[in-house]
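One structure is given below, encoded as structure tokens.
The values are calculated or read from the model by the stated rules, or taken from the named source; none is laboratory data. Bear in mind the structure is a predicted one, so any value in this text is a computation, not a measurement. Positions of Cβ are generated from backbone atoms using ideal geometry, with glycine treated the same way; all protein chains shown enter the neighbour counts. Surface accessibility is based on the protein's heavy atoms, side chains included, excluding ligands, DNA and RNA. Shrake-Rupley method; radii C 1.70, N 1.55, O 1.52, S 1.80 Å.
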Amino acid sequence: MSGSRQKIRIAVVGGGIGGMALGVSLSSLSLDKVFQVDIYESTAKLTQVGAGITIWPRGWEILKNMGLEASLTERFSPDQEVPMMSVPKVGFIYRKSDQKEGVPISVVTMPGGSISYHRADLQEVLLKHISPSIQFHLSHRLTTYRQTEKGLELEFTNGEVAVCDMLIGADGINSAVRRTFLADGKNWAENEKNKSGKPVFSGTYVYRNLIDSQLIRRDAPNHQALTLPIVYCGKSKHIVAYPVSQGKLVNVLLFVSDIRQEGTYLDGPAVVENTKDDFASHFKNWEEEAHILVKRTSKPSKWAIQTLKPLDVFASGRVFLIGDAAHAMPPHLGNGAGQAIEAECDRANDAYFLSMILAKVIRQGEFSISKIADVYSAIRQPFGNFTVAATIRQGLLYEFNAPGYEDIKDGDVVPEERLNTLGKLIANGWDWTFQSMNADLQRAFSMLYGEKDLITAKL
């Protein structure tokens with residue numbers, strides 16, 4: 001596209017990990033020279049809720065391709081190193097812990113293993129790599145958008161109005177973009193608009209906390225969670241723990257489930273800071289290693305885990321949905337994350353995938369937003385919905401609620417052979433997290449042009 005021609009206007013609604021990842025990916029491909037990119041964030045300050053993010057090989061490949069590897073390696077914990085697909089690493093260690101003497105379930109290894117970060121560290125790296133030509137607009141909460149002759153007109157609660165040619169909804173599980181997107185072309189009443197695409201409760205609450213590693217070390221100098229990612233499993237409960245911030249902190253998540261509530265609408269707030277819930281009582285008879293983490297958890301935030309019912313399309317016309325706006329899921333295959341880098345990393349996955357398609361189209365000199373939308377949805381929609389189902393299934397395995405394990409009660413002694421079978425099922429659930437997304441990109445390029453080549457040079 002000639003520099004004298006007017007830039008195509010892209011509006012990104014949502015300045016979280018997904019929106020920032022899209023900004024980085026567009027910047028790394030020099031697409032900020034082709035598009036006018038504006039990111040609209042509802043909050044007055046760019047902050048990241050939650051604590052830890054675990055990145056798997058598929059996500060690391062994407063972050064590396066975005067040019068982030070050097071900045072991310074600077075933030076490794078002392079025992080971490082650059083993931084190499086040829087070197088198997090421990091992904092997670094699983095234990096049955098709802099008894100006084102815990103027993104092993106499985107040690108899941110995978111090519112390259114995993115890397116864990118504090119969410120704020122990842123945000124800092126992303127912001128550092130976004131082109132200054134990409135503008136952030138804070139305190140802009142979208143209410144709706146409409147089609148006009150000038151393009152898509154966006155309305156915000158602060159009274160501001162913006163116009164764009166292409167709209168990316170990266171505004172999370174309660175996406176305002178999704179609400180309008182699903183109602184487009186339908187003669188729905190306001191209550192139907194509100195109900196369509198509304199998230200549903202998974203039946204699980206998670207208590208999130210960052211614990212100073214020194215506190216854990218005082219209780220147990222060789223506690224596994226100081227250096228390794230661990231999942232402590234029990235009936236309708238589990239604990240995830242792993243080191244972040246270069247080992248200075250341990251990210252701890254305490255999950256408590258009532259599967260009878262799965263699929264209902266949430267009654268009450270989705271997030272409660274500094275909760276006073278008696279969460280410790282759920283884990284009172286657990287093994288000592290898990291009990292130490294519960295004891296050291298102080299004033300955690302309480303999150304109701306919600307999901308989305310599968311959407312038929314993720315993009316249409318000029319509007320695209322990425323990350324939780326398209327396929328919000330439990331964190332059981334990202335543990336501490338949500339899906340646009342993969343699970344959290346799938347937020348960046350969506351962003352990177354879309355950016356690569358845009359780069360390809362610009363190189364070819366033919367630009368059809370609706371065609372791009374069709375290709376994006378055709379590939380990302382089935383994969384996104386698959387990952388939602390996969391994460392739900394994984395959580396059921398962790399808590400002995402998966403088919404074939406429902407009979408297990410809290411604290412039951414389970415035969416070793418049966419735990420080994422469970423461990424294999426858990427390990428199999430991770431298989432897709434280390435598969436490259438190059439095949440998906442090749443499919444997309446083939447759908448667009450009948451080609452099989454990947455983009456190897458920046459614009």
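Quick check on my filter: what residues within the range 83-94 are over 17 Å from P243 (Cβ atoms) and open to solvent by 20 Å² or more (accessible area, probe 1.4 Å)?
M84, M85, S86, V87, P88
So, restricting to strands (runs of 3 or more DSSP E) that lie completely within the range 101-195, which ones have at least 2 residues that are surrounded by fewer than 22 Cβ atoms within 10 Å (Cβ to Cβ) and not basic (K, R)?
103-111, 135-137, 142-148, 151-156, 161-164
Do you know which of the residues in the range 246-257 that are of a type outside the set (D, E, K, R) and in contact with a helix residue (DSSP H, G or I) (Cβ under 7 Å, 6 or more places away or on another chain) is surrounded by the most Cβ atoms within 10 Å (Cβ to Cβ)?
Per the criteria, the residue is V250.
Being open to solvent by 70 Å² or more (accessible area, probe 1.4 Å), more than 26 Å from D440 (Cβ to Cβ) and not basic (K, R) is the filter here; which residues of the range 384-420 pass it?
P403, E406, D407, D410, V413, P415, E416, E417, N420
Quick check on the range 420-434. Is at least one of its residues part of a loop (DSSP other than H, G, I, E, B) and within 29 Å of P104 (Cβ to Cβ)?
Checked against the condition, which is being part of a loop (DSSP other than H, G, I, E, B) and within 29 Å of P104 (Cβ to Cβ), the range 420-434 yields at least one hit.
Would you check if there is a residue in the range 164-181 being out of contact with any His (no Cβ under 8 Å at 6 or more places or on another chain), of a type in the set (S, T, N, Q) and farther than 29 Å from A304 by Cα?
No: zero hits.
Output the number of the condition that G102 fails; it satisfies all remaining conditions of (1) at pLDDT below 85; (2) closer than 26 Å to A427 by Cβ; (3) touching an Asp or Glu at 6+ places or on another chain (Cβ under 7 Å).
Single failed check for G102: (1).
Among the candidates G159, G169, which residue alone is within 21 Å of the chain's Cα centre (by Cα) and of a type in the set (G, A, S)?
Answer to the selection: G169.
From the list K45, K89, which one is among the basic types (K, R) and modelled with pLDDT of 85 or more?
K45
Listed residues L167, L154; which is of a type in the set (A, V, I, L, M, F, W, C), modelled with pLDDT of 95 or more and closer than 15 Å to F314 by Cβ?
L167
Is there any pair linking a residue in the range 274-294 that is under 13 Å from I239 (Cα atoms) to one that is among the polar types (S, T, N, Q) and in a loop (DSSP other than H, G, I, E, B), with Cβ under 7 Å and at least six apart or on different chains, and which?
Within 7 Å, the pairs are W286/S97; E287/S97; E287/Q99; A290/S97.
So, in the range 7-49, how many residues would count as being in contact with a strand residue (DSSP E or B) (Cβ under 6 Å, 6 or more places away or on another chain) and open to solvent by 10 Å² or more (accessible area, probe 1.4 Å)?
6
Counting just the residues of the range 364-383 that are open to solvent by 50 Å² or more (accessible area, probe 1.4 Å) and part of a helix (DSSP H, G or I), which one comes out nearest to A315 (Cα to Cα)?
It comes out as D374.
T47 passes all but one of (1) polar (S, T, N, Q); (2) within 18 Å of the chain's Cα centre (by Cα); (3) within 21 Å of N349 (Cβ to Cβ); which number fails?
Against the list (1) polar (S, T, N, Q); (2) within 18 Å of the chain's Cα centre (by Cα); (3) within 21 Å of N349 (Cβ to Cβ), T47 comes up short only on (3).
How many residues, within the range 267-304, are touching a helix residue (DSSP H, G or I) at 6+ places or on another chain (Cβ under 7 Å) and open to solvent by 50 Å² or more (accessible area, probe 1.4 Å)?
Adding up the residues that qualify gives 2.
Give the number of residues within the range 200-217 that are open to solvent by less than 50 Å² (accessible area, probe 1.4 Å) and either of a type in the set (G, A, S) or assigned to a strand (DSSP E or B) (or both).
Here the count works out to 11.
Of the conditions (1) part of a helix (DSSP H, G or I); (2) in contact with a strand residue (DSSP E or B) (Cβ under 7 Å, 6 or more places away or on another chain), W303 satisfies every one except a single condition; which number is it?
(1)
Cβ-Cβ under 7 Å, sequence separation 6+ or interchain: first residue in the range 116-131 and over 14 Å from G18 (Cα atoms), partner of a type in the set (F, W, Y) and outside any helix (DSSP H, G or I). Which pairs?
Hits for this filter: S116/Y242.
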